[in-house]
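Written below as structure tokens is the structure these notes are about.
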Amino acid sequence: MADEEDVVEEEPQVQEDRVSESGLSPVDVEKTLAPPKYEVRPGLGEKFQAQNVRDIILSTMQEQLMGRQYRSDQAPRWAQSISNAVRQRVQDLDMKRYKILVQTILLEMKGAGIKCGQRCIWDPETDDYADELFRNDTIYCYTIVYGVYMY
């Protein structure tokens, strides 16, 4: 009988994703990974740029403090804004693998002296700092930026 042809249903082909014992598919296993890079020293031209950082510090302090008189209620906010602006601008220099630390001291000029000291343990071949001072009739501002190379 021509009407009663045997209809054979085909089973849909299912592709099995074979997973190796490590949990990676064969495609992932075939790719070779690049060996890890261990950088213990910055490359030539990648060291802390102290002169550029000094220029940033000085210009930022001048922008923030030029023409202002010391006010004890505003001094903490000014110091914080100087530190944040300097840190952001120094990070824009894109010195790879450097941790940037910024400290700003803002005082009123009343004729008294000040002594500051810092002590750090670091590698003198890779780590460095830059500092600048801003003074006017009523404000004394000292900002220091540390660049510590992260091994």
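What is the set of long-range amide H partners of Tyr129 at a cut-off below 5 Å, with H atoms built 1.01 Å from backbone N?
Gly147
Give the Rg/Rh ratio for region 22-151, taking Rg as the radius of gyration of the Cα atoms and Rh as the Kirkwood radius, to two decimals.
1.20
If packing is taken as the mean number of other Cβ atoms within 10 Å per residue, what is the order of 69-81, 109-121, 49-61, 127-139, highest first?
49-61, 127-139, 69-81, 109-121
Between Lys115 and Asn136, what is the spin-label point distance in nm, taking each point 7 Å from the Cα along the Cα→C-beta axis?
Taking the two extended label points, one gets 3.0 nm.
Taking R0 as 35 Å, what FRET efficiency do you get between Ile105 and Tyr38 from their Cβ-Cβ distance, rounded to the nearest 0.05?
0.40
Treat each spin label as a single point 7 Å out from the Cα along the C-beta direction, and report the Asp73 to Arg97 distance in nm.
Label at Asp73, label at Arg97, 4.9 nm between them.
How long is the gain from Gln62 to Met150 if the chain were fully straight, where each residue apart is worth 0.36 nm and the alpha carbon distance is subtracted?
28.6 nm
FYI, it's all coordinate maths here, none of it is from the lab. All figures in this text were calculated on a predicted structure; none of them were measured in a lab. Cβ: placed from backbone, ideal geometry, glycine included. Neighbour counts: every protein chain shown.
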